[in-house]
1. May I ask what percent, to the nearest 5, of DSSP beta bridges between residues of the protein assembly as shown are antiparallel?
2. Given the pairs B:LYS218/B:LYS416; B:LYS191/B:LYS218; A:LYS47/A:LYS185; A:LYS102/B:LYS527; A:LYS47/B:LYS214; B:LYS165/B:LYS338, which are separated by over 22 angstrom at their Cα positions?
3. Using only the alpha-carbon atoms, how far is helix B:490-507 inclined from the longest principal axis of chain B? Give it as 0 to 90 degrees, nearest 10.
4. Grab the DSSP H runs of chain A that are 4 residues or longer, score each as -39,500 (n - 2.57), total them, divide by all residues and round the 222 nm result to the nearest 500 deg cm²/dmol.
5. On the first, second and third principal axes, largest extent first, how far apart are the outermost C-alpha atoms of segment B:392-468 in Å?
6. Over all alpha-carbon pairs in segment B:15-94, figure out the percentage whose distance exceeds 17 Å.
7. What's the ranking of B:143-150, B:62-69 by average number of surrounding C-beta atoms within 10 Å, highest first?
8. Using the Kirkwood radius built from alpha carbon pairs, what does the Stokes-Einstein equation give as D for segment B:70-160 at 20 °C and 1.002 mPa s, in µm² per second?
Amino acid sequence: MSKTITIDGKEIPYEDGQTIMDAAIAADIYIPHLCHDPDYEPHGSCKLCTVNVNGRNCSACTFPALEGQNIINQSADLEQDRKRITQMLFVEGNHFCPSCEKTGDCQLQGVAYYLDMHDNHFPHFFANREMDASHPDILIDHNRCIFCNLCVRASQEKDHKNVFAISGRGMNKHLIVNSITGKLKDSNIHINDHAAHICPTGAILIKRTGYKVPIGERTYDKQKIDAVALAKENKHHGR
Amino acid sequence: MQSFIQPVIDRYGTSSDQLLPILRDIQSEFQHIPAEAIECVALSLDIPRTQIISVIEFYSFLHSTPQGKYALLVSDSITDHMLGKQDLMSYMASQLKVSIGELRTDGLVSLNNTSCSGMCDQGPAGLVNGYALTNLDRPRIDAIVKLIEQNIPVQQWPSEFFMVKDNIYLPGLLLQDPIAPGDALKARFQKGLQQTLTEIDVSGLRGRGGAGFKTAMKWRFCSEEIETERYVVCNADEGEPGTFKDRVLLNTYAHQVFEGMTLCASIIGAEQGFLYLRGEYLHLYDKLQNILQQRRHSGLLGNNILEQGLNFDIEIRMGCGAYICGEESALIESLEGKRGIPRNRPPYPVSQGYLNKPTVVNNVETFFAASKIALEGGQWFADVGTKQSQGTKILSISGDCTKPGIYEYPFGTSIKQVLHDCGAASDILGIQIGGPSGTFIAENEVHRTLAFEDLATGGSFIIFNQSRNILDIVKNFTHFFAHESCGFCTPCRVGTLLLKKQLDKITEGYGSAGDVAALEELCQLVKNLSHCGLGQTAANPILSTLERYPESYQQRLKKISYEPGFDLDASLETARRLANRNDAGAHLAQVEED
Ligand SMILES: Cc1cc2nc3c(=O)[nH]c(=O)nc-3n(C[C@H](O)[C@H](O)[C@H](O)COP(=O)(O)O)c2cc1C
Ligand code: SF4
Ligand code: SF4
Ligand code: FES
């Protein structure tokens, strides 16, 4: 008999070595997430995937699935907490969605729709962050970085390049580029690198592609993020 | 550059876990890490330059821009504030003609704040080029200014400026008669491994770093891991404001602390240990190196210890100014030459710690106590204390009392007793137990006791009298956490800054009743969703004072029907400047209705 965990009263199977997130995705259960992508080493930093496991809060993307776990994923409390975390990400950076090329395709925005987020709630930080438009094909708008570390992981784990890193402490945290000048144009990134395409927000963009798909016909204009994520992430695992 | 860096690399080797010591040496030579040095080190250690930059930008004591030839830092702990730190610092800035946070144009001197420097019993305190300065006052500052202007090397400054006292007022079971070097190890080899571990178990010893995990259990788990390469780490990061007992233990009882580490190594099967010493305790470095050398000479460290076939040695690694590096997994990351970001758990350090090998991380006091338990037996220790908290606890007492310093008490001692012993006056406002991450108790709770069952503590005990203001205290603590958050996870990185802003809004008089409710909601969020202990405790100062002193918050609120979140008139300042007018018509009154 296979091992099982319970999520919101539903018993689902898991295999040894799987995290709660892995098991949930395989069972077609969506747990909101931003810093997680099943193709990469889990990171556990955005905290959107916080679930309650036998009374304790844990990150579903890093916490191992274990026999006897009774997990709450959908509750009024957790949804409120996740909305607040998303709002924190919005006020920390500068997210002017209507003027962003990624609008409609952005996971941060998609999660905000999913969580019914109507305002930013918290006071804005108005961080002064610069843009790096130096590269001929790729643009970084630091205003939209949420420090999910996916570009860092993609560059290391898949492209074997180390183009990006997260630097600084606390609120001074920022993304840096591995080149003598610190500019993207002097790094060894290539337009076909995984790192150039993984960003869940509009922080790393490919130039001259922004409006190929018109606004209104984009990913999250048509479908909610839970359906998109499950379809994509499940397919990845060949299930 | 290369000619300076090559010998440094030769000294430490090219393993990337040596990054911090290498950067420390470069920093002390050039007063910062020049870009050229980053390139050299990246090449030598074969790591991306981004790893070096991210490390420099993480630690408070590493800089990518030049600091003064005399780099002055003044401790920002609440106790320093209570001793007049702010006045002194302005005085210092004016005498040195430098602004706080800046480098003087001639490059001679820079002045800045630093989080608690571990000298709360002899503040106001500071650091010059990494060395602790104690008991700062105006005459001492005048003398320091003179020395700096005359370009006198720090090594030639009067030694009393750097005097760090132990201030032990009440030694107990452990402090009063330390063991002779080697005795615990001899007892260990005589009794055998299992029996020694049983003694530690019987003693009931729980970790003294705050969380209180049973020491014997931690050692047993580690020893049972299949992987045979194992490590012992002594956590001497001691960053919790108001704690300084580990400093005293290392200053006067280092042999016994090292003996405890060696004992642990013999039980878990480790050959290498680290003492992770906070950067602020640089003054102890040479002394501790000498003691390690002595122990090697007398066969208590190195190969074939006491001719029992045990091989073990200890290396000292200095921290670089980051409170989060006291968290055990962040400490391990730091030992590996990285930013101090707490790891995801599980796996725990006992199964995958340093270099992903099984590692025991214990507090200084834990190793110190364990060595004596190995000699005296578990029951000796267990006979003292309470049911769930055996033995004694060493406290670092500071704040409003006549004898700030070190006290050792059996667990179960009442707060009242402690206050009596250290000469605290009768007009107590409250006591911060366990530092900012612990609990603030009010004057009517002094019957409560020191114990894991009641008030757990890593040792920080700060006393406030009635002349102090609750909100000033909470503000200091809340700012501390915002400054020290590592920034890894959203609820802590953004949350601690939001807490700071929200609290400041209230303390500055721009808050409304709704703002207190919002503050409380935010506290719960940061507490419940943060990744590690820092975020999980960062809201404690606000939560414990909101509960006990709601009126202190209420008094600061605006009493108006509409509730503006900011000062309307002040927000027009830029517009006035641009329009070049300052007449009455250019000002807005913020109408108050009572
Ligand atoms: C933010 C933070 C800071 C900490 N600082 C220290 C410290 O300075 N010293 C310490 O021994 N433990 C500190 N700890 C606790 C350690 O993570 C760990 O529990 C402890 O070193 C284990 O040793 P013990 O079992 O002997 O208590 C800290 C924890 C957190 C979350
Ligand atoms: S740039 Fe994008 S992918 Fe990289 S850390 Fe920021 S948000 Fe994540
Ligand atoms: S809680 Fe704070 S200190 Fe801990 S990992 Fe998160 S950001 Fe870092
Ligand atoms: S998805 Fe788990 S913390 Fe980000």
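No value in this document is a laboratory result; all are computed from the given coordinates. As the structure is a prediction and not an experimental result, all values here were calculated from the model. Glycine also receives a Cβ, built like all others from the backbone with ideal geometry; neighbour counts cover every protein chain displayed.
1. If I count the DSSP bridges inside the protein assembly as shown, around 60 percent turn out antiparallel.
2. The answer is B:LYS218/B:LYS416; A:LYS47/A:LYS185; A:LYS102/B:LYS527; A:LYS47/B:LYS214; B:LYS165/B:LYS338.
3. 50 degrees
4. Helices in chain A give a 222 nm mean residue ellipticity of -6000 deg cm²/dmol.
5. Between the extreme Cα coordinates on each principal axis of segment B:392-468 lie 30, 21, 20 Å.
6. When every Cα pair of segment B:15-94 is considered, 53 percent fall beyond 17 Å.
7. Put in order of decreasing packing, that is B:62-69, B:143-150.
8. Taking Rh from Cα pairs, D becomes 166 µm²/s.
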